Amino acid sequence: MRTDKNITIAFFLNFLFSIFEFIGGAITGSIAIISDAIHDIGDALSIGMSLVFEKISHKKPNNKFTYGYYRFSVLGSVIQSVVLLSGSVIVVYNAVTRLINPKPINYSGMIIIAIIGFLVNFIAAYFTSGEGSLNQKSINLHMLEDVLGWAIVLIGAIVMRFTNFWFLDPILSILLAVFIGVNALKNLKAVVDIFLEKTPNNVDLDEIYEHLTSIEGVESVHHLHVWSMDGYQNSATLHVVSDNDFSVIKNKIKEELSEHGIVHCTVECERTDEICNEENCKSVSHSHCSHHHHHHHHH
């Protein structure tokens with residue numbers, strides 16, 4: 001459980017530090033620092049939530065949550081994206097007002113805070129780097145982004161200290177905020193796809209049809225649905241038409257699907273002479289039903 005401990009350390013580092021940054025940003029009058037503070041609070045939140053939700057998401061399925069708790073990790077991602085998006089909006093708004101009426105910035109203070117920010121985040125990134133679950137990989141990514149964010153603020157602060165280009169501060173903060181916002185939106189889109197039961201990106205249905213129908217003894221496959229609990233674990237349900245021994249067929253199908261990254265599947269078996277009530281020709285099916293109807297389409 002070494003990783004959990006490390007992530008907890010990273011969480012507290014980030015959280016305490018982002019409070020220090022808000023104060024520092026307010027004192028030095030630098031928006032870029034405040035926008036990095038929002039970034040950091042967002043990351044601390046996401047780490048905190050992924051710790052809590054990871055714990056929940058490993059709970060075993062029960063009668064209330066028959067599919068288990070995987071979606072809770074997705075929920076964490078929703079909350080985090082919303083927080084980051086609202087943060088970005090606030091930062092951009094402040095930066096634009098600042099461009100219109102500039103306020104003095106204490107550059108030396110800004111440089112000092114940026115150096116501390118860079119170091120603290122570098123240490124946190126170092127602590128959380130290494131192997132780990134996908135959730136942890138995304139945390140590593142956040143940490144690296146933080147290090148980069150601070151590097152940018154630091155360079156900006158040094159340039160302003162020597163040139164007095166005050167407008168760099170709001171511009172940098174807008175860039176950072178847009179970057180955070182775009183990432184948060186991407187995250188949200190991925191989450192919405194999961195909740196809408198969209199076929200996961202790493203699954204190619206046509207290819208799966210081909211592979212399944214080429215299994216010996218399988219006449220046709222229809223009603224194939226693939227969806228994902230959390231973006232990583234895919235499940236499938238399908239109907240198979242065959243006159244062979246179903247237990248053999250089922251095993252072959254499960255093997256084939258597991259090669260496509262589908263961990264859980266429910267297979268409904270039918271004989272060729274059986275009429276499947278659900279097999280209406282509108283469903284995505286590569287079965288007899290759709291073949292018969294092809295003639296009508298050709299004029």
Hand me the tally of lysine pairs in the stretch 2-195: alpha carbons under 29 angstrom apart, and the pair either on different chains or 8 or more positions apart. 17
Name the shape class, rounded, prolate or oblate, that the alpha-carbon gyration tensor gives for the stretch 145-200, where a ≥ b ≥ c are the square roots of its eigenvalues, rounded holds for a/c under 1.5, and otherwise prolate holds if a/b is larger than b/c and oblate otherwise. prolate
In nm, give the distance between the simple-model label positions of Ile79 and Gln233, each being 7 Å from the Cα along the Cα-to-Cβ direction. 2.0 nm
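Extension gain Asn101-Lys55, at 0.36 nm per residue separation less the Cα-Cα distance, in nm?
Between Asn101 and Lys55, full extension yields an extra 11.8 nm.
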Could you order the peptides 191-198, 91-98 from most to least packed, using the average number of other C-beta atoms within 10 Å per residue? 91-98, 191-198
Mind ranking 208-217, 104-113, 166-175 by how tightly packed they are, going by the mean number of other C-beta atoms within 10 angstrom, highest first? 166-175, 104-113, 208-217
Report the gain in length on full extension from Thr272 to Val248: 0.36 nm times residue separation, minus Cα-Cα distance, nm rounded to one decimal. 7.0 nm
Quickly work out the Phe65-to-Ala190 label distance, labels modelled 7 Å from Cα along the C-beta direction, and quote it in nm with one decimal. 2.0 nm
HN-Hα J in Hz across the stretch 109-118 - Karplus 6.51, -1.76, 1.60, θ = phi - 60°, x for Gly and Pro: x, 5, 4, 4, 5, 5, 5, 4, x, 4
May I ask for the Kirkwood hydrodynamic radius of the stretch 2-195, worked out over all distinct Cα pairs and given in angstroms to one decimal? 17.3 Å
When you count, for each residue, the other Cβ atoms within 10 Å and take the mean per peptide, how do 57-64, 39-46, 264-271, 71-78 rank with the highest first? 39-46, 71-78, 264-271, 57-64
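Any read-out appearing in this document is the output of simple, stated calculations on the displayed coordinates, not a laboratory observation. Source: prediction; values computed, not measured. Neighbour counts run over all protein chains shown; Cβ positions are idealised from the backbone, glycine included.
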